[in-house]
């Protein structure tokens, strides 16, 4: 597997981390409107988004678009796992079915 594919997999993981940070920040009470949008978690999340954007742009120079789009869907699976472990969200049948469909699509596309 190409190192560029590893960059994209890491990017999907970092995207999930940034989504979790944004969710955690949204759940917190903030003193002002400005602090709601300019706090550490939000800033770090958007820095991660920007970093992933640059990394994926670079990786797409060596990875076929057909593989890149499939790799990026892994972010949904990472978010599912992190929302359960870090945010202690409930597992619902719809979430399980949705993630199974994503993984099935990745496997079908890969084969």
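Using Cα atoms only, what is the angle between the long axis of helix 93-110 and the major principal axis of the chain, expressed in degrees (0 to 90) to the nearest 10?
Orientation of helix 93-110: about 30 degrees from the principal axis.
Given the options 56, 39, 99, which has the most mean-square fluctuation in a GNM of the chain, springs set between C-alpha atoms less than 10 angstrom apart?
Greatest mean-square fluctuation among the candidates belongs to 39.
Starting from a Cα-only point model with no solvent, please compute log10 I(q)/I(0) by Debye for region 63-111 at q = 0.30 1/Å.
-1.10
Any idea what angle helix 40-59 forms with the longest principal axis of the chain, computed on alpha-carbon atoms, 0 to 90 degrees, nearest 10?
For helix 40-59, the angle is close to 20 degrees.
Of the candidates 14, 86, 74, which one comes out as most mobile in a Gaussian network treatment of the chain with C-alpha springs shorter than 10 Å?
86
Calculate how steeply helix 74-85 sits against the longest principal axis of the alpha-carbon atoms of the chain, using the helix alpha-carbon long axis, and give the answer as 0 to 90 degrees to the nearest 10.
40
Would you work out if the chain is rounded, prolate or oblate? Take a ≥ b ≥ c from the square roots of the eigenvalues of the alpha-carbon gyration tensor; rounded if a/c is under 1.5, else prolate when a/b is larger than b/c, oblate otherwise. Intermediate results must be reported in sequence, preceding the final value.
Numbers: a/c = 3.38, a/b = 1.37, b/c = 2.48.
Oblate, because a/c is 1.5 or more while a/b does not exceed b/c.
Using alpha carbon centroids, what distance separates region 1-52 and region 61-82, in Å?
With region 1-52 and region 61-82 each reduced to a Cα centre, they are spaced 16 Å.
Values quoted throughout were computed directly from the atomic coordinates according to the rules given, and no laboratory measurement underlies them. Bear in mind the structure is a predicted one, so any value in this text is a computation, not a measurement.
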